[in-house]
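The values are calculated or read from the model by the stated rules, or taken from the named source; none is laboratory data. Owing to the predicted nature of the structure, the values given are computational and were not obtained by experimental measurement. All Cβ positions, even for glycine, are placed from backbone atoms using ideal geometry, and neighbour counts span all protein chains on display.
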Amino acid sequence: MGPSVQGSGRSVVTVGVYDGIHRGHRRVVERAVAIAHERGLPTVAVTFEPHPDEVLRPGSHPPRLTSPRRRAELLAGLGVDEVETVEFTLGLSRQSPADFAQNVLAERLRAAVVVVGADFVFGHEASGDVETLRTLGDKYDFVVEAVPTLDGLSSTAIRERLVTGDVEGVRADLGRPHRVEGVVVRGYQRGRQLGFPTANVETPPHTAIPADGVYAGWMECVAVANLPALYAGERWPAAISVGTNPTFEGVPRTVEAYALDRDDLELYGVHVAVEFAARLRGNTRFESIEALIEQIHADVAATRRLTT
């Protein structure tokens, strides 16, 4: 982390929902960090929680590409000094662009430069755009730089890819594999009975999970406060199943990951991240357990080719 905003004077600010931190987001954030380094100022990323769509369209539950914790981690990795999470409320949504510029950018963060995407909108009913922000910058003493967007790249488009299971396309859009995180909980233990013990990952509500199917990827143990730190930082190639497992009736939709060649892991209560490299196949109902086991062996072999 770099210098603290508190008591340090001015800052370089970038503003956005930043769900996913995709390649387009990265261009904006990296430009803000570069300007901050040139000026010897800290970089502040302003994000919003909950997702604005949830407040503006209650019950819409936009699938989240990144948790707030993961979003902050990714922003820090890009060189951001502080993440300022603004509570998004109906009151905030009704603020005029001028009020947001004055209250948040000028007074709260003392912005010297504000860096946004060229399609940035803000304020009541998205009535402000980049030109509005530039005009307000003249009034409140900050400079505005708009970074060109990447055609067709957006968090919404990435969510649509996940609905079809196109995790390879998502990987290209993000510049890294899509991941879901959660705590390992006890499941039906059928994988263990079949010889392939899986971690049953309880993901937070409204997590953006790929379409039902079998995937190749990785599983990593993540150190999180107040949870067991067992295996923290360890990462293994993994065959991943998403869905209801049609061979066994009445099973709720789950994310399960089998760490290749590891039948000795005790992961209950551990926070894990599951990353998706490629979709292997859709879910199929097998006529026998033997046929299912044969297919799992094939899935494991395909996973090994793609991830090791």
- Those residues of the range 110-161 that are touching a Gly at 6+ places or on another chain (Cβ under 9 Å), assigned to a helix (DSSP H, G or I) and of a type in the set (A, V, I, L, M, F, W, C) come to a total of 3
- Sole residue being within 21 Å of the chain's Cα centre (by Cα) and surrounded by 15 or more Cβ atoms within 10 Å (Cβ to Cβ), chosen from 161, 134, 110: 161
- Collect the residues in the range 118-151 that are touching a Pro at 6+ places or on another chain (Cβ under 8 Å) and of a type in the set (Gly, Ala, Ser), keeping them in residue-number order. 118, 123, 127, 128
- Item | Residue list for the range 286-308, restricted to those being more than 29 Å from residue 220 (Cβ to Cβ) and of a type in the set (S, T, N, Q) | 288
- Query: Which one is surrounded by the fewest Cβ atoms within 10 Å (Cβ to Cβ) among residues in the range 271-307 that are farther than 26 Å from residue 67 by Cβ and of a type in the set (Gly, Ala, Ser)?
  - Reply: 288
- In this structure, is residue 210 in the same structural domain as residue 266 (by TED's automatic domain parsing), touching a helix residue (DSSP H, G or I) at 6+ places or on another chain (Cβ under 9 Å) and either modelled with pLDDT under 95 or crowded, with 21+ Cβ neighbours inside 10 Å (or both)? yes
- Out of the range 38-50, which residues are in contact (Cβ under 8 Å) with a residue 12 or more places away in the chain and out of contact with any Lys or Arg (no Cβ under 7 Å at 6 or more places or on another chain)? 39, 42, 43, 44, 45, 46, 48, 49, 50
- of a type in the set (Gly, Ala, Ser) and over 22 Å from residue 172 (Cα atoms), is that true of residue 288? yes
- Considering residues of the range 165-181 that are within 17 Å of residue 150 (Cβ to Cβ) and among the charged types (D, E, K, R) only, the residue surrounded by the fewest Cβ atoms within 10 Å (Cβ to Cβ): 176
- Message: Just checking, does the range 124-145 include any residue being over 27 Å from residue 89 (Cβ atoms) and touching a residue at least 60 places away in the same chain (Cβ under 8 Å)?
- Response: yes
- Query: Within the range 139-148, is even one residue more than 29 Å from residue 173 (Cβ to Cβ), touching a strand residue (DSSP E or B) at 6+ places or on another chain (Cβ under 8 Å) and crowded, with 19+ Cβ neighbours inside 10 Å?
  - Reply: yes
- Give the residues of the range 163-178 that are over 21 Å from residue 27 (Cα atoms) and either outside any helix (DSSP H, G or I) or free of Cβ contacts under 8 Å to residues at least 60 places away in the same chain (or both), sorted by residue number. 163, 164, 165, 166
- Task: Please indicate, with yes or no, whether at least one residue in the range 281-294 is assigned to a loop (DSSP other than H, G, I, E, B) and aliphatic (A, V, I, L, M).
- Result: no
- Message: Need a quick list: helices (runs of 4 or more DSSP H) entirely within the range 62-102 having at least 3 residues that are surrounded by fewer than 17 Cβ atoms within 10 Å (Cβ to Cβ) and either modelled with pLDDT under 95 or within 14 Å of the chain's Cα centre (by Cα) (or both).
- Response: 68-77, 90-93
